[in-house]
Amino acid sequence: MFYLQGSQMLQVLENSLRKHLPETLKVYGTVFHMNQGNPFKLKALVDKWPDFNTVVIRPQEENMQDDLDHYTNTYLIYSKDPENCQKFLSSSEVVNWKQHLQIQSSQSSLGKVIETLGAINLGKVKHTQGFLYMILETAKKLAPSLVDTNNLVRSSDKFKPINQELFKFTSLNVTHAALVNSIWHFGGNEKSQKFIERCIHTFPSSCIMGPEGIPVSWGLMDHTGEMRMAGTLPQYRNQGLIYHVASHQIQTLDDLDFPMYGHVDRANFTMQRVVARLAHVPMPCTWNQWNYEPL
């Protein structure tokens, strides 16, 4: 195992991961922000260097003190040899299988190894999979070969302009975390709210403030650079507000030259419609999350 320290090593890692997009997308997005100051205090581990097979991004040990907090205890994994990375991932120095944790990856092929390790460590694994998209502006820069006009998700749906007398664009602050948490599909608990607070405090966000003076629609970014946790209050849905939030967020992040991507649940037809209107680029791989719980 090699712990990559210093800006030079991490920049080499970022450049290498870029060559293997889109399968590296979750890890690439994370390492990009590690090279922008590493605001989430993450560490990069590889099985060998510089010609690595498997890379794992995880928090520093001192930040993983809560054994039940899988939002903090998150691992981002990419492997050039997903069928033979079990030995590396089984090491307690790489993954702490005594904790509740989650693993995210753009490689569904890691599933067999993760299921096996879950069983070996006497725990249960839940796999969630979704469609993975790269925002068009990012795809043009990072993976132009994937930008095929015949491949773009497009829609003729029209969203009416925002009523600027009722709604104002702004950003979230940490006092809004409970509101975001209340309707986030993966949230709804105290630990997820702390994670959302950290994301709001650390990264740019976009929201639409309603006439009551509270956010009615929003989108933010997590520590992997993914656009996530988007939502609209139930009473304001079906007005196209999330489309306007996403457009605003994309412009904000593009101005910062951040790589932009996101996932959509297979059953979330509303967001699939928004994605189609925004002409996102569908990836040939999927968004994957494995939640592990020791028994």
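Assorted remarks:
- For segment 118-264, a Kirkwood radius taken over Cα pairs fed into Stokes-Einstein (25 °C, viscosity 0.890 mPa s) yields D = 146 µm²/s.
- Ranking Lys43, Lys141 from most to least accessible surface, computed with a 1.4 Å probe over the protein chains only, gives Lys141, Lys43.
- Relative contact order (percent, whole number), the chain, Cα cutoff 8 Å, 6+ residue spacing: 24 percent
- Met209 - accessible surface, heavy atoms, 1.4 Å probe, Å² rounded to 10: 40 Å²
- Ordering 69-81, 267-279 by mean Cβ neighbour count within 10 Å, with the highest value first, yields 69-81, 267-279.
- Choice from Gln235, Gln193, Gln36 with maximal GNM fluctuation in the chain (Cα, 10 Å cutoff): Gln235
- Nearest-ten-degree value, helix 7-18 long axis tilted from longest Cα axis of the chain: 70 degrees
- Helix axis angle, 25-34 relative to the chain longest principal axis, alpha carbon, degrees: 90 degrees
- Pairwise label distance in nanometres, Lys126 with His20, each label 7 Å out on the Cα-Cβ vector: 2.9 nm
- Semi-axis lengths, Å, segment 85-133, gyration tensor of Cα atoms, sqrt of 5 times eigenvalues: 19, 12, 10
- Extension gain (nm, one decimal) between Gln36 and Phe2, 0.36 nm per residue minus Cα-Cα: 10.1 nm
- When each of Lys87/Lys124; Lys41/Lys194; Lys26/Lys141; Lys168/Lys191 is checked by Cα-Cα distance, pairs over 26 Å: Lys168/Lys191
- Using only the C-alpha atoms, the convex hull of segment 192-295 corresponds to 150 Å³ per residue.
- Rounded to the nearest 20 debye, dipole of the chain from Cβ charges on Lys, Arg, Asp, Glu: 540 debye
- Segment 26-125 shape via C-alpha gyration tensor axes, a/c threshold 1.5: oblate
- Exposure rank, largest accessible area first [Glu137, Glu165, Glu14; 1.4 Å]: Glu165, Glu137, Glu14
- Rounded Å value of the spacing that divides the Cα centres of segment 262-288 and segment 46-105: 26 Å
- Mean shadow area of the chain over all directions, Cα convex hull, nm²: 15.0 nm²
- Additional length obtainable on full extension of the chain from Gln164 to Asn53, 0.36 nm per residue less Cα span: 34.8 nm
- Packing, taken as the mean count of other beta carbons within 10 Å per residue, orders the peptides 201-207, 22-28 from highest to lowest as 22-28, 201-207.
- Within a Gaussian network of the chain (alpha carbon springs, distance under 10 Å), most fluctuating of Leu17, Leu122, Leu220: Leu122
- Look at the alpha carbon pairs under 8 Å that are at least 6 residues apart: their mean separation over the length of segment 68-214 gives a relative contact order of 20 percent.
- For Asn268 and Ser109, the difference between the fully extended length at 0.36 nm per residue and the C-alpha to C-alpha distance is 54.9 nm.
The values are calculated or read from the model by the stated rules, or taken from the named source; none is laboratory data. Note that the structure is a prediction, hence the values are computed from the model and not measured. Methodologically, a virtual Cβ is constructed for each residue, glycine included, from the backbone with ideal geometry; neighbour enumeration extends over all protein chains shown. Remember, those area values only see protein heavy atoms, side chains included, never the ligands or the DNA or RNA. Shrake-Rupley method; radii C 1.70, N 1.55, O 1.52, S 1.80 Å.
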